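The values are calculated or read from the model by the stated rules, or taken from the named source; none is laboratory data. Worth saying up front: this structure is predicted, and the values here are computed from it rather than measured. No Cβ is skipped: glycine too gets one built from the backbone with ideal geometry, and neighbour counts run over all protein chains shown.
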């Protein structure tokens, strides 16, 4: 039996990183015993509880607010839990876990999903962790100047195709889909501007936006987006759904899925869409070009080239045969991102680290 402590600085389901970690924890082989550590309870710990995963709360304040008592509490908790490996899902989690685990001789894995360097923090973390898992080659480049071992393990999802799901919008002829956090980083305005250009020509086309929970529901950014939409004749064709538990039904019936991020470590929503036969159109940023092939499962667009994205979406909307063939190619291509493959590769990392720590 191997005990692994999974640590996230977010108690709620903030984005793809939390969904990916939850899928991993709930799909582990029986010889891995997980315990989740977050700064308090939330949707993340609630979902973990449904998979019979133990949960502990530990403070993870911003580094400038850290006190000696916090590190003492971390060390005491880890000494009691006695994990064989610590799996930190983000930088702040790796920082607190790394400091507490160092004196206890517990190996720490930093699972990084962001390609942008973090300056001083990266330098600190590379002195605290024993291995970095990156979810794309693009993210791995962030650590090319460090000596810590890095393994690229793509995110895994449950790949069961669900073509017979009931249409969630039966009165809508067709819609394009955006799935993601409603933040400036995701450039939701680009997706809306693409839709605006297409909606002027296609009166039957709708836009479905899935995402946004907690503080994201009422930020200045979101309010400005909704205000801009409300000023147009097609505003009634934009559907703001907020956070949704089961996305398959939206992917299955979408004409296409767009991803307009400024930066993207991987692009989990693209795999989710492909698995449900939904063609994808995305800016070629970060790890996105590693997720699908341009012209086969969808279209890769030069970053921020909205006109090229409009043209690609229009092509998929007008060419039914192309849309269908790319959707079918996506189902096949998504198989390489199975949760089973992901779990097996991550468990290999644990086993290597445990052997090294005992050797």
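Which ones in segment 202-234 are part of a helix (DSSP H, G or I) and touching a helix residue (DSSP H, G or I) at 6+ places or on another chain (Cβ under 8 Å)?
Just the residues of segment 202-234 that are part of a helix (DSSP H, G or I), to begin with: 214-218, 220-230.
Correct list: 216, 221, 222, 225, 228, 229.
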Does segment 234-243 contain at least one residue that is under 18 Å from residue 333 (Cα atoms), surrounded by fewer than 24 Cβ atoms within 10 Å (Cβ to Cβ) and in the same structural domain as residue 210 (by TED's automatic domain parsing)?
no
Condition test on residue 209, is it surrounded by 15 or more Cβ atoms within 10 Å (Cβ to Cβ), under 27 Å from residue 323 (Cα atoms) and at pLDDT below 95?
no
If you go through segment 103-110 one residue at a time, do you hit one that is under 19 Å from the mean Cα position of the chain (by Cα), modelled with pLDDT of 95 or more and under 30 Å from residue 270 (Cβ atoms)?
yes
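Residue by residue, here is whether (1) free of Cβ contacts under 8 Å to residues at least 60 places away in the same chain; (2) assigned by TED's automatic domain parsing to the domain that holds residue 182; (3) assigned to a helix (DSSP H, G or I) holds:
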| residue | (1), (2), (3) |
| --- | --- |
| 258 | no, yes, no |
| 285 | yes, yes, no |
| 299 | yes, yes, no |
| 309 | no, yes, yes |
| 317 | no, yes, yes |
| 325 | yes, yes, yes |
| 329 | yes, yes, yes |
Taking the criterion of being in a loop (DSSP other than H, G, I, E, B), under 21 Å from residue 322 (Cα atoms) and in contact with a helix residue (DSSP H, G or I) (Cβ under 6 Å, 6 or more places away or on another chain), would at least one residue in segment 269-276 satisfy it?
yes
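Please enumerate the residues belonging to segment 243-259 that are over 25 Å from residue 197 (Cβ atoms) and out of contact with any strand residue (DSSP E or B) (no Cβ under 6 Å at 6 or more places or on another chain).
Matches in segment 243-259: 243, 245, 246, 247, 248, 249, 252.
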Helices (runs of 4 or more DSSP H) (entirely within segment 62-174) containing at least 2 residues that are surrounded by 15 or more Cβ atoms within 10 Å (Cβ to Cβ) and assigned by TED's automatic domain parsing to the domain that holds residue 288
none
Using the structure shown, decide if residue 183 is modelled with pLDDT under 95, surrounded by fewer than 17 Cβ atoms within 10 Å (Cβ to Cβ) and out of contact with any strand residue (DSSP E or B) (no Cβ under 8 Å at 6 or more places or on another chain).
no
If I filter segment 43-54 down to residues being at negative phi and surrounded by fewer than 19 Cβ atoms within 10 Å (Cβ to Cβ), which single residue comes out as modelled with the lowest pLDDT?
43
Scan segment 14-58 residue by residue and report those that are part of a loop (DSSP other than H, G, I, E, B), within 20 Å of the chain's Cα centre (by Cα) and closer than 20 Å to residue 346 by Cβ.
15, 26, 27, 28, 51
